[in-house]
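A.B. asks: Sharing a structure below in structure tokens format, with a few things to ask.
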Amino acid sequence: MTFRSLMLAAALAALAPTAFAAAPVETFVEIPGGPGPLKGTMLGPADGPHGPAVLILAGSGPTDRDGLNPLGVKAPSYRQIAEGLAAQGVTSLRVDKRGLFASGLAAADANAVTVVDLAADAHNWAVRLKADTGAPCVWLLGHSEGALVALIAAQNPRDICGLILVAAPGRRLSDVLREQLKANPANAPLLPQALPAIDALEAGRTVDTTGMHPALLGLFRPNIQPFLMVMFRQEPAKLAAAYRGPILILQGDADIQVSVADANLLKTAQPAATLVILPGVNHTLRLGSRDRAETQANYADPSLPLAPGVVDTIAAFVKRQPGTN
């Protein structure tokens, strides 16, 4: 064999793992959900599940298993996380919430599904993912409101390896909502009605929306108030302090919805947790800024990749924990 042919053979051998890498295996799964099934998508490495298993829990409102939301979010962050994890040998399951999208038949009214209900569903999904992968336990990766769901679920730690809290509120969601409303100058005329409404719901009292500004009706409409009352009772820092398993707190410093201060509150509450701050990363885990107009444009662009470090940080954390592989 000539020197040139040897060099060509070496080059082809070097390219082979990348050029012909097998695609991850996608499996559509469902579990009983009462009136109808709960549905999700499992994505694992091509050679089968053999490492950690991660359950991805979606953020607030009508956010689907991929991270898309009809209210202006076209960033498929959860699907991108799943794809990145599969490439590193980590199987994931991302699911549609009870009452929404493919899990729509599991609840007569999606507005009546509380974070406590979603935490119970997370446990049932963890049992299924554990059985399908053979993993000894399952990691709960919660994003935004999904992080609160993960914290509630982890108060019963059975089948749970640990928590990955991404863009997680460290305060009651009522406090976060107050801050978000006050942060936008355009909301100033709404605050005299909005802030007392939050106070009432936080105290467990319903709010009369008669005469309320139309811009606030979507937030405080009567059929969603029971959900808000349950959510506003939850104290993320106290839940984190009570959980004794491993926790990764992952927070971008360009996030205008949940702040680094929230991440620090969770870390203070549970000093054993690992805190990672990602510079220039926004709420959908892409590179961005704290400018509101730029952020909205960023959320609406499905072509943008995840920020560097997001998947690597998650994968490294779950792989290095003893007894979870």
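A.B. asks: Roughly speaking, what is the stretch gain from T27 to N223, that is 0.36 nm per residue apart minus the C-alpha to C-alpha distance, in nm to one decimal?
C.D. replies: Details: separation 196, 0.36 × 196 = 70.56 nm, distance 3.49 nm.
In short, 67.1 nm is gained.
A.B. asks: Among residues other than W139 whose Cβ falls under 13 Å from its Cβ, what is the net charge (Lys/Arg +1, Asp/Glu -1)?
C.D. replies: Here the charged neighbours net out to +3.
A.B. asks: ³J(HN,Hα) across the range 314-322 via Karplus (A = 6.51, B = -1.76, C = 1.60, θ = phi - 60°), whole Hz, x for Gly/Pro?
C.D. replies: 5, 4, 4, 5, 6, 6, 8, 7, x
A.B. asks: Grab the other residues whose beta carbon is less than 14 angstrom from that of N264, score K and R as +1, D and E as -1, and report the net.
C.D. replies: Summing Lys and Arg as +1 and Asp and Glu as -1 gives -1.
A.B. asks: Distance cut-off 27 Å, Cα to Cα: go down the list K39/K74; K97/K238; K39/K182; K74/K238 and report the pairs above it.
C.D. replies: Where the Cα-Cα span goes over 27 Å, the pairs concerned are K39/K182; K74/K238.
A.B. asks: Once every DSSP H run of n ≥ 4 in the chain is given -39500 (n - 2.57) and the sum is divided by its residues, what mean residue ellipticity at 222 nm do you get, rounded to the nearest 500 deg cm²/dmol?
C.D. replies: -12000 deg cm²/dmol
A.B. asks: In sequence order, what are the phi-derived ³J(HN,Hα) couplings for the range 265-274 according to the Karplus relation 6.51 cos²θ - 1.76 cosθ + 1.60 with θ = phi - 60°, rounded to whole Hz, with x for glycine and proline?
C.D. replies: The phi angles translate into 5, 5, 5, 5, 5, 10, x, 6, 5, 9 Hz.
A.B. asks: Another one. Two decimals is fine: what is log10 I(q)/I(0) at q = 0.12, 0.20, 0.23, 0.28 Å⁻¹ for the range 173-233, from a Debye sum with one equal scatterer on every Cα and no solvent?
C.D. replies: Those come out to -0.25, -0.71, -0.94, -1.34, one per q.
A.B. asks: Which value, in debye to the nearest 20, describes the size of the charge dipole of the range 173-233 about its Cα centre when Lys and Arg Cβ atoms bear +1, Asp and Glu Cβ atoms bear -1, and nothing else is charged?
C.D. replies: On the way: 5 positive and 5 negative charges, 15 e Å.
About 80 debye.
A.B. asks: A241 versus A46, label points 7 Å from Cα toward the beta carbon: distance in nm?
C.D. replies: Result for the modelled spin labels: 5.0 nm.
A.B. asks: Also: Working only with C-alpha atoms, what are the Rg and Dmax values of the chain, expressed in angstrom?
C.D. replies: Both quantities, over Cα of the chain: 21.1, 87 Å.
A.B. asks: Follow-up question, since we're still on this one. Between D253 and D208, what length comes free when the chain is fully extended (0.36 nm per residue of separation minus the Cα-Cα distance, one decimal in nm)?
C.D. replies: 12.5 nm
A.B. asks: Arrange the following residues from fewest to most other Cβ atoms within 10 Å of their Cβ: I256, I160.
C.D. replies: Final ranking by Cβ density, sparse to dense: I256, I160.
A.B. asks: Rounded, prolate or oblate for the range 170-323? Axes are the square roots of the Cα gyration tensor eigenvalues, ordered a ≥ b ≥ c, and the cut-off for rounded is a/c under 1.5.
C.D. replies: oblate
A.B. asks: Same structure again: Compute log10 of I(q)/I(0) for the range 72-181 with the Debye formula, placing one identical point scatterer on every Cα and leaving out solvent, at q = 0.11, 0.12, 0.22 Å⁻¹, to two decimals.
C.D. replies: Summing over Cα pairs of the range 72-181 leads to -0.38, -0.46, -1.43.
A.B. asks: Something else: In terms of Cα to Cα distance under 18 Å, which lysines are near enough to K319, apart from those fewer than 8 places away along the same chain?
C.D. replies: Within reach: K130.
A.B. asks: 7 Å from Cα along Cα→Cβ at both D301 and E179: what's the point-to-point distance in nm?
C.D. replies: Spacing of the two 7 Å Cα→Cβ label points: 2.6 nm.
A.B. asks: May I ask you to list the residues of the range 168-206 whose amide nitrogen lies under 16 Å from a point 7 Å from Cα along the Cα→beta-carbon direction of A261?
C.D. replies: The answer is 168-185, whose backbone nitrogens lie closer than 16 Å to the label point.
No value in this document is a laboratory result; all are computed from the given coordinates. Just so we're clear, the structure is a prediction, and the values are computed from it rather than from any experiment. Cβ coordinates were reconstructed from backbone atoms using ideal geometry, including for glycine residues, and neighbour counts include every protein chain displayed.
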